[in-house]
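S.K.: Here it is: the structure, laid out below.
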Protein chains: 2
Amino acid sequence: MKLPRSPLAPDRFAALPDIAGLRAATGSRGLYAAAGDDRPDTFLLAFDAGTRCAGVFTRSATASADVDWCRQALVAGGGKARALLVNAGNSNAFTGEFGQAKNAASLAALSGQFAVPREQCFLAATGVIGEPLPRPGYIAELVPELAGALDRPDWERCARAFMTTDTFAKGAARRGNGYSIAGIAKGSGMIAPNMATMLAYVFTDAELPAHQLDELLRSAADASFNRISVDGDTSTSDTLMAFATGAAGPVDIEAFAADLTATCRDLAELVVRDGEGARKLIRLRVSGAASEADATRVAASIANSPLVKTALAAGDANWGRIVMAVGNAGVEAARERLRIWFGDHLVAEQGGRAAGYSEAAAGAACAGDEVIIRVDLGVGASREIEFLTCDLTHAYIDINGAYRT
Amino acid sequence: MKLPRSPLAPDRFAALPDIAGLRAATGSRGLYAAAGDDRPDTFLLAFDAGTRCAGVFTRSATASADVDWCRQALVAGGGKARALLVNAGNSNAFTGEFGQAKNAASLAALSGQFAVPREQCFLAATGVIGEPLPRPGYIAELVPELAGALDRPDWERCARAFMTTDTFAKGAARRGNGYSIAGIAKGSGMIAPNMATMLAYVFTDAELPAHQLDELLRSAADASFNRISVDGDTSTSDTLMAFATGAAGPVDIEAFAADLTATCRDLAELVVRDGEGARKLIRLRVSGAASEADATRVAASIANSPLVKTALAAGDANWGRIVMAVGNAGVEAARERLRIWFGDHLVAEQGGRAAGYSEAAAGAACAGDEVIIRVDLGVGASREIEFLTCDLTHAYIDINGAYRT
């Protein structure tokens, strides 16, 4: 199934900086050959000694073998990183002992190739769940060729190599005072916030201890990937990792933290802009909750409501469904204090339709390819958080009825 | 928008018994006139003195004014009932002071007509959220006409009078030893289990104190309406009420409880069979959880996954998405102990695809208009519970993009 480029895609792949201390290569294991596509489906990153890393992963109770390994390696290796090997086309999730054998083969190949401990090598895979590869060494066999091709990264090519139902490659970057950050992500369906979402990697030349990188990454994930949803389904393979080569030396932590969060937010937005079948990007801005966590739950309840998403797909300002989703969020709310805006137009207050309600004004706010819906719960002092989602269209159904075939 | 009859609909409306001690009438307030339809949109039930009632309602924090009233009346009136007035076409939810004025007018009309206390009169409304009726007395004005037409109930006509996007009228019944139970329900979208779901009424001639009826109804709701989902969205108006006229005298409570639950399960299944756009009824049977509550959460996670629902719409036995939804349910689960069957065919065990897996056999289990998926978590001793849902098709999107227009 050849998917057209999302109408919400940016004009071009962002300009991503080189990151001193790492090299990259892409290759193909033919995992899309059955679909008549010989696209790159695998990439390798090699890091200089001294690189530190951190990661946040899916909370799924049926996480993939690759996620299991990364968690284990982060602890065993103390956050040191020398290699990252990622493939699309097969998620190696729910593949039992085979999945562990596949990882063992890949790790042996990486460890031997670079003469580094296995615990400093990280893996990820994305694609169909539950189908074993032709043999455990199938990805490992590509390692020598990839290692021979390592060079300054072609970030767009890397970002293409782990696309599945994605319709465009996703990159984001920030240049700080003396350091750079480059990030790539993939994700389009099975997108819901629960720690991290799908596969995203952020690389920097900043020098940071692993524990500090871990702390900054968790905070960035909470403000980015944990505030998006395409379809409310959390993946078995969700992974967000950050790698800091240290080549640029120590940095201003506050500025770096802000840039890291901004990079993650850009990537998270790109994932939603490529939401399966999406035609509209929806910005949900929620304030006045008892806490930011409550505000996020309200936003997620709206974002995951098929009734809200189908109404917006049709350009219908059906604000009653926003009321329903707020009521359904399981957090402190009071019908009479709730206020809802479509764009700048107040549609609901004091337990009913706003006095100045205009169907035309509300409809106009839903007409474009970006819709802003603001909700103030009026029960607490939580600041406005932004949560991103997309509409639910016929294309989502077509894509997901045909995914395995 | 004229919707075709669901392909999952039963051949005909069930044969419902007369219930001694009550009379019914239907009428039209023209709430569908804008759509060129002069269908009945309101019904009235009148109960003899001595009738007892109980109810379970939406847990939404933005419940409708009618739900507010019913909760209040049950407490204030001690579970005595003399009248029930229900309309479709407008839910009277999030209508602020207007909504309360509408209820006051309706209650005044009922109380005056039958010379009974307001607290023995119950109301419900279903339809668009947030739009006030032309005037508060709009429904009340029909009460004299309805009261004049009260007669032995035409149950199918009553069930038709509160349909919204429903494509068929829903009724179920049981005849016990010396008593009868008749139930009607409406519901098609905004269907998710959270106490009760949408509007359903069960009537019996059995004699029961209100507190006992309440207890039996809660238990029946847990095993029926709280185990279905069409789209994961909980309505602002969910109401399940039971009315017992007592005309048949005391009954065997155990047998009655089983019949009440069976009636509610039949009605709940009919709601799913009329799920918006549904083409397949999906029976999720979950066992081996730490508790029945955990099993229900796992089933709900599967039932509410758009990825599962779209795959099944296409007849694709994408069992990896069942693994994903189990992992995502937030309950105790162990990847290696999980077993999944499509029909009688074991597809997954020991953390991977089952040894005897056959794509043809799994696909065949998804081909018909009824799909049975069995999940054993293998972590506890909970008995099998059945949870019903339906597939997600293009028609759901069409219906919900056009609902207000």
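S.K.: Measuring from label point to label point, each 7 Å out along Cα→Cβ, what is the residue A:33 to residue B:218 span in nm?
M.R.: With each label placed 7 Å out from Cα toward Cβ, I get 6.3 nm.
S.K.: Per the helix-only calculation at 222 nm, which mean residue ellipticity applies to the protein assembly as shown, given -39500 (n - 2.57) for every DSSP H run of n ≥ 4 and division by its residues, nearest 500 deg cm²/dmol? Don't skip to the answer; put the middle values down first.
M.R.: Details: 22 runs with 246 residues, N = 810.
Result for the protein assembly as shown, helices only: -9000 deg cm²/dmol.
S.K.: Whole-Hz ³J(HN,Hα) for each residue in the range B:67-78, computed from phi via Karplus 6.51 cos²θ - 1.76 cosθ + 1.60 with θ = phi - 60°, x for glycine and proline: what do you get?
M.R.: These are the phi-based 3J(HN,Hα) values: 5, 3, 5, 4, 4, 5, 5, 4, 6, 5, x, x Hz.
S.K.: Another question, if that's okay. To one decimal in nm, how far is residue A:115 from the same spot in the other copies, if labels go 7 Å from Cα toward Cβ? Please give the shortest first.
M.R.: Between copies, matching label points for residue A:115 lie 10.5 nm apart.
S.K.: Sticking with this one: Put a label point 7 Å from Cα along the Cβ direction on residue B:49, then list its distances to the equivalent points in the other copies in nm, shortest first.
M.R.: Distances between equivalent label points, in nm: 9.7.
S.K.: Along the charge dipole of the range B:281-401, Cβ charges K/R +1 and D/E -1, which of B:305, B:293, B:372 sits furthest on the positive end?
M.R.: Looking along the dipole axis, the top candidate is B:293.
S.K.: A further question follows. Angle between the Cα long axis of helix B:253-273 and the longest principal axis of chain B, 0 to 90 degrees, nearest 10?
M.R.: 70
S.K.: Given the convex hull over the Cα atoms of the range B:22-273, what projected area results after averaging over all orientations, in nm²? Please list the in-between numbers first.
M.R.: Details: hull surface 46.1 nm².
Taking a quarter of the hull surface, the average projection is 11.5 nm².
S.K.: Can you tell me the orientation of helix A:96-114 relative to chain A, as the angle in degrees between its alpha-carbon axis and the longest Cα principal axis, to the nearest 10?
M.R.: Roughly 60 degrees between the two axes.
S.K.: Right, next: What is the angle, in °, between the Cα long axis of helix A:292-303 and the longest principal axis of the Cα atoms in chain A? Nearest 10 is fine, range 0 to 90.
M.R.: Once rounded, one gets 80 degrees.
S.K.: Treating the point 7 Å from Cα along Cα-beta-carbon as the label, what are the nm separations from residue B:255 to the other copies, to one decimal?
M.R.: Here residue B:255 shows inter-copy label distances of 8.4 nm.
S.K.: Please work out which residue of chain B brings its Cβ closest to the axis of the rotation superposing B onto A, and round that distance to whole Å.
M.R.: Residue plus distance in Å, as requested: B:394, 3.
S.K.: Shielding of B:232-239 by partners, i.e. mean partner chain Cβ atoms within 10 Å per residue?
M.R.: On the way: counts 7, 10, 8, 4, 8, 1, 0, 0.
Average neighbour count from other chains, rounded to a whole number: 5.
S.K.: Using only C-alpha positions, report the orientation-averaged shadow area of the convex hull of the protein assembly as shown, nm², one decimal. Display every interim value, and only then the final one.
M.R.: Details: hull surface 130.2 nm².
It is 32.5 nm².
S.K.: For the range B:358-380, list residues with backbone N below 14 Å from a point placed 7 Å from the Cα of residue B:344 toward its Cβ?
M.R.: B:361-362, B:365, B:372
S.K.: Please express the shape of the range A:281-401 as an equivalent ellipsoid: the semi-axes are the square roots of 5 times the eigenvalues of the C-alpha gyration tensor, given largest first in whole angstrom. The partial results should precede the final answer.
M.R.: Numbers: eigenvalues 101, 61, 27 Å².
After scaling each eigenvalue by five and taking roots: 22, 17, 12 Å.
S.K.: Next up: Excluding residues fewer than 8 places away in the same chain, name every one of the lysines whose C-alpha is closer than 27 Å to that of residue A:80.
M.R.: In chain and number order, the partners are A:102, A:170, A:186.
S.K.: Relative contact order (percent) for chain A, with alpha-carbon contacts under 8 angstrom and 6 or more residues of separation? Don't skip to the end; give the middle numbers.
M.R.: Values: 1033 pairs, mean separation 71.6, N = 405.
RCO, chain A: 18 percent.
Any read-out appearing in this document is the output of simple, stated calculations on the displayed coordinates, not a laboratory observation. This structure is a prediction, so every number in the text was calculated from the model and none was measured. For neighbour counting, all protein chains shown are included, and Cβ atoms are generated from backbone atoms with ideal geometry for every residue, glycine included.
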